[in-house]
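Worksheet for the structure shown next.
The values are calculated or read from the model by the stated rules, or taken from the named source; none is laboratory data. It should be emphasised that the depicted structure is a prediction, and the values quoted were computed from it without experimental measurement. As a convention, Cβ positions derive from the backbone with ideal geometry for all residues, glycine included, and neighbour counts pool all protein chains shown. What goes into the accessible areas is simple: the full protein's heavy atoms, side chains included, and nothing from ligands, DNA or RNA. Shrake-Rupley method; radii C 1.70, N 1.55, O 1.52, S 1.80 Å.
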Amino acid sequence: MNSLIGRANDALQTLASQVGHNFYPHYHLAPPAGWMNDPNGLIFFNGQYHAFYQHHPYDENWGPMHWGHATSLDMLSWQHQPIALAPGDSWDKDGCFSGCAVDDNGVLSLIYTGHVWLKAEGDDSAIREVQCLATSQDGIHFDKQGVVLNPPEGIMHFRDPKVWFEDDCWWMVVGARDERGHGQVLLYRGSSLQQWQFMQVLARADDSMGYMWECPDFFSLGNERILMFSPQGLAAKGYHNRNLFQSGVLRGKWQPGGDFKLSQPFTELDLGHDFYAPQSLVTADGRRVIIGWMDMWQSPMPTKADNWSGCLTLPRELSIDSKGDLLIQPVREIAALRQTGLTISPIKLVQEQQILAENCRSIELQLTWNTTASDAETYGVQLGDSQGMGGRVSVYVDNQANRLILDRYYPQYGLTGYRSVALPEQGLLSLRIFIDSSSLEVFINDGQACMSSRIYPAEHQRCLSLFAQNGQAELLRGEYWPLVAR
């Protein structure tokens, strides 16, 4: 097996020398080269953060899944490590699919899905998926320990284990598809990482909630339990479920040995174009943080032309406020990446454009609009050329729809269309917008909502400006900072 990892690392090193950097991120985790999708094994272990991820090191397309690996002191500045897992054993010969990492008495342990195609590659009608274990003595090199959990009778799609320790034993949730083609999450209890007992179906889909629930995660937040997962097969409904697949949460109560009692219906976590398969970790100081894959299946990925594909979102802290609302905010560590800030003076925009930065590649922008005093049909911020022509992305208020819009327009790549969230009822709209070489993330009113999308501006389309159309818009305050990873 070490020869397989060695060969994969050699191929990755060769491909990395051919990577184009026009769209490569400054402060988001992306592969050195090749393909990336789901984040795996997020953990704080022995004084540093580890992020593993689904990875194909041989080229920029999805292929037999390896586990890429990076480490960080702040979840923002990442150091690439050797590939952690390569497929090739009888139980994972076609892929080391998604999973998690835990600290087992000082041993960094990976629990992942071994995947085997029983017919042709890519034919989901006949597969075998089992849960497997790999361990490391140094946190970098891993030894496979084989299969630790087989699927229940009649279950074929059975993947993405998330493990935690509670009530003096190990617990695992696994995503599955039942015999009727409905998604579900299965719960197991373990006396060790190699001995597991099925406990119950923790949650299951009805006819409207999808045919497969991927990447489950189950954790405490405040006085609640959160089941986070990525359902496949949800029908679009109005402004919701607009992407091919979604990611979101069910909230409720749970105690070991009991049922998961729901208190709220499924809620999407991110309403942008590109967000999938989030996984959580607990930080060194006890915060619950999630990171997702900032791409979407079957979406054009222009970076493939540069020999890489895929990146992860900013780390985001989850919390529940005094009103019971779930908040999603960028981790406070991002402030350490700020360079000298520039203040935007209060302004009333009337049928005009105000340029903030001519060449915006890596920036945090904070804006506070007075929505009560703003009657423009649309107003907000745009990244494009100085004439407002060609490819662009905009984040703006649509006063007629009473929504905040994230609209991207890159027709040369087949990427056009918008996503949106309802505007808050109060008269202030606070935005934190993070722009990187090929991504935009916006956090609304201190985490009440967020939208994440990949963007692909040409060299002359990185002018950042404020605008208002058909009326007046009042900006109360603004500030922006160039961001540089340490």
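Ranked from highest to lowest mean number of other Cβ atoms within 10 Å per residue, what is the order of the peptides 192-198, 100-106, 118-124?
Result, highest mean Cβ count within 10 Å first: 100-106, 192-198, 118-124.
Highest mean first, how do 79-89, 271-281, 422-432 rank when packing is the count of other Cβ atoms within 10 Å averaged over residues?
Most protected by this proxy first, the peptides run 271-281, 79-89, 422-432.
In segment 1-133, how does Rg compare with the Kirkwood Rh, expressed as the Rg/Rh ratio over alpha carbon atoms?
Rg/Rh for segment 1-133 comes to 0.97.
For segment 429-486, what D do you get in µm² per second when you plug the Kirkwood radius from alpha-carbon pairs into Stokes-Einstein at 10 °C and 1.306 mPa s?
117
What percent of all Cα-Cα pairs in segment 248-360 falls into each 5 Å bin, going from 0 up to the bin containing the maximum distance?
Calculated over all Cα pairs of segment 248-360, the distribution is 2, 7, 12, 14, 15, 15, 14, 10, 5, 2, 1, 1, 0 percent.
Mind checking which aspartates and glutamates have their C-alpha under 12 Å from K304, skipping anything on the same chain fewer than 8 residues away?
D59, E60
Among 405-416, 473-484, how do they line up from the highest to the lowest mean number of other beta-carbon atoms within 10 Å?
473-484, 405-416
For a 28 Å ceiling on Cα separation, which of these pairs sit above it: K261/K323; K162/K261; K144/K253; K93/K261; K237/K348?
K144/K253; K93/K261; K237/K348
Need one word for segment 355-399: rounded, prolate or oblate. Basis is the Cα gyration tensor (sqrt eigenvalues a ≥ b ≥ c); a/c below 1.5 gives rounded, then a/b vs b/c decides.
Because a/c hits 1.5 or more and a/b fails to exceed b/c, segment 355-399 counts as oblate.
Just the Kirkwood number for the chain, please: inverse of mean 1/r across all distinct Cα pairs, in Å, one decimal.
Taking every pair of different Cα atoms in the chain, averaging 1/r and inverting gives 23.1 Å.
Counting only protein heavy atoms, what percent of the accessible surface of the chain is carbon or sulfur at a 1.4 Å probe?
Roughly 46 percent of what the probe reaches on the chain is carbon or sulfur.
Bin width 5 Å, alpha-carbon pairs only: give the P(r) of segment 316-370 as whole percents, running from 0 to the bin holding the largest distance.
In whole percents, the pair-distance histogram is 4, 11, 17, 18, 17, 14, 13, 6, 0.
With a point put 7 Å past each Cα toward its Cβ, work out how far Q426 is from V484 in nm, to one decimal.
Between Q426 and V484, the simple spin-label model gives 3.5 nm.
With N set to the residue count of segment 59-104, report its C-alpha Rg divided by 2.2 N^0.38 Å to two decimal places.
1.36
Using the heavy atoms of the protein chains alone and a 1.4 angstrom probe, what is the accessible area of the chain per residue in square angstrom?
In whole numbers, the chain has 39 Å² accessible per residue.
Compute the helix-to-body angle for 2-16: its Cα long axis versus the longest principal axis of the chain, expressed 0 to 90° and rounded to tens.
Between the helix axis and the principal axis of the chain, the angle is about 20 degrees.
From the backbone phi of segment 349-355, what are the Karplus-calculated ³J(HN,Hα) couplings (6.51 cos²θ - 1.76 cosθ + 1.60, θ = phi - 60°) in whole Hz, Gly and Pro given as x?
Working through the residues one at a time gives 7, 9, 6, 8, 10, 10, 6 Hz.
Shape call for segment 231-281 from the C-alpha gyration tensor, a ≥ b ≥ c root eigenvalues: rounded (a/c under 1.5), prolate (a/b greater than b/c) or oblate?
prolate
Just the ratio, please: alpha-carbon radius of gyration of segment 183-277 over 2.2 N^0.38 Å, N its number of residues.
1.14
Sort out for me the Cα centre separation of segment 351-369 from segment 269-298, rounded to whole Å.
After rounding, the separation between the Cα centres reads 26 Å.
Quick one: P(r) of segment 151-211 from all Cα-Cα pairs, 10 Å bins, percents rounded to integers, in order of increasing distance.
For segment 151-211, the binned pair fractions read 23, 51, 21, 4 percent.
Taking a ≥ b ≥ c as the square roots of the Cα gyration tensor eigenvalues, with a/c under 1.5 meaning rounded and otherwise prolate when a/b beats b/c, else oblate, which class fits segment 346-472?
prolate
Based on alpha-carbon centroids, what's the gap between segment 182-249 and segment 426-486 in Å, whole number please?
Each part reduced to its Cα centre gives a spacing of 31 Å.
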